Amino acid sequence: MTTRTSGVFEEGTAPPLTSPSIAMPAMDFVVQWNRCGITADYLADYLSYAFERRDVARSVITTAANELLENAAKFSSDKKAPVRIAARLRGDVLELEVENVADADHVDALTSVLDALSRGEASSLFASRIESAERGGLGLIILVRDYAARLGARIVSVNGGSLDKTFSVTVRASIAADEVEQR
């Protein structure tokens with residue numbers, strides 16, 4: 001198995017104060033897109049109690065979690081495989097992490113967007129996506145542009161030398177706790 005990272009995939013140093021997670025087959029989300037929002041709302045409701053400005057924190061968390069869940073469900077190459085979302089509050093940082101199984105084409109598109117975002121190209125990438133018909137990655141770009149999220153992915157090949165390569169993709173959004181409350 002080969003593992004690589006793209007974007008800013010930081011490992012938290014402080015132990016999490018809380019760490020709820022949920023896993024469901026991608027098909028559950030695809031069949032009813034509202035389930036992405038329901039799951040994001042659940043995490044946001046749970047985590048918002050750690051913030052002084054709960055209503056603001058809830059809005060930011062649900063927006064970020066929903067975006068990550070929708071992308072994971074939409075780009076899962078095996079709709080029977082689970083999509084897992086985990087949230088970790090590490091005091092000064094909120095991490096939202098979504099894991100799914102994806103094909104090589106999606107991995108290439110994702111790494112392209114994440115690498116551009118890690119170079120500070122969120123505003124120009126947003127403008128070019130709005131002007132063109134290509135909307136891929138727009139939600140991730142918005143997370144970086146509007147919420148100062150640091151995005152990265154850990155990509156693990158799950159079937160080595162096969163021509164039909166699939167990957168376990170873990171996308172992590174790290175948002176400073178003060179950013180969660182300042183929106």
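The values are calculated or read from the model by the stated rules, or taken from the named source; none is laboratory data. Model, not experiment: these values are computed from the prediction. Virtual Cβ from ideal backbone geometry, glycine too; neighbours counted across all protein chains shown. The area values use the complete protein model at the heavy-atom level, side chains included, leaving out ligands, DNA and RNA. Shrake-Rupley method; radii C 1.70, N 1.55, O 1.52, S 1.80 Å.
When the Cα positions of Ala73, Leu138, Ser128 are compared along the charge dipole of the chain, Ala73 comes out farthest toward the positive end, with charges on each C-beta of Lys, Arg, Asp and Glu. Each residue of the stretch 121-126 was assigned a 3J(HN,Hα) from its phi angle through the Karplus expression (A = 6.51, B = -1.76, C = 1.60, θ = phi - 60°), giving 9, 4, 5, 5, 5, 4 Hz with x at Gly and Pro. Estimated purely from DSSP H runs of n ≥ 4, each contributing -39500 (n - 2.57), the mean residue ellipticity at 222 nm for the chain is -14000 deg cm²/dmol once divided by its residues. Using the average count of surrounding beta-carbon atoms within 10 Å as a protection proxy, the listed peptides 115-128, 145-158, 13-26, 55-68 rank, highest first, as 55-68, 145-158, 115-128, 13-26. Its relative contact order, with pairs defined as Cα atoms under 8 Å and 6+ residues apart, puts the chain at 31 percent.
Taken about its Cα centre, the chain carries a charge dipole of roughly 200 debye when the Cβ of each Lys and Arg holds +1 and the Cβ of each Asp and Glu holds -1.
On a per residue basis, the convex hull of the C-alpha atoms belonging to the stretch 1-134 measures out at 142 Å³. When ligands, DNA and RNA are left out and all protein chains stay put, how many square angstrom of accessible area per residue does the chain have with a 1.4 Å probe? Using a 1.4 Å probe on heavy atoms only, each residue of the chain averages 49 Å². For the chain, the longest principal axis of the alpha carbon atoms and the long axis of helix 104-118 meet at an angle near 40°. Determine the share of the chain's accessible area contributed by carbon and sulfur atoms, expressed in whole percent, with a 1.4 angstrom probe. Heavy-atom surface of the chain belonging to carbon and sulfur, 1.4 Å probe: 50 percent. Simple rule: put +1 on each Lys or Arg Cβ and -1 on each Asp or Glu Cβ in the chain, find the dipole, and look at Ser6, Leu114, Ala23; the Cα lying farthest toward the positive end is Ala23. With respect to the chain, whose longest principal axis is taken over its alpha-carbon atoms, helix 34-48 is tilted by about 40°.
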